[in-house]
Amino acid sequence: MNNVLVREYRSDLGMAKTVRKSGKNIGMINPTIIERGVKVNAMKLRDIDKLLTTHYGNEWKTFDSLKFYTNLLGTTGNDEGEEAFVEADDNILSV
C-alpha cells in the first residue's frame, strides 16, 4: 500500500535527482497541516482603516480596487488589542 512510484525530475544540473531521501519511502511522509492566513492585531486593522480613509476619503469602501480591504475589515469585529485571524485570499492580484 505504501509503494508509490515517485518519478525523478530533471533540474538545470542536467542529471536526474530524486525527490525523497535515500532509504525513505513515500509512506514515511508525515506532513503537518498549516493554516492559511495570518494573525493580525486589531489595532493594525484600525490603522489600515484610518489610512484608507485619509487617502481615499470616507467613500473608499465603494471602490472596486479596494474590495480586499473592505472584506478584510468587514470580517473582523474584535476589540482593541485582540488579534484577528485573517484568511488568505486566492483572488488577490499581484502587482
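Looking only at residues that are in a loop (DSSP other than H, G, I, E, B) and more than 26 Å from the chain's Cα centre (by Cα) in segment 21-37, which one is modelled with the highest pLDDT? Applying the filter and picking the extreme gives Gly23.
Glu83 meets each of the listed conditions (1) surrounded by 11 or more Cβ atoms within 10 Å (Cβ to Cβ); (2) modelled with pLDDT of 70 or more apart from (2).
The values are calculated or read from the model by the stated rules, or taken from the named source; none is laboratory data. Just so you know, these numbers come straight off a predicted model, no measurement behind them. Backbone-built Cβ (ideal geometry, glycine too); neighbour counts: all protein chains shown.
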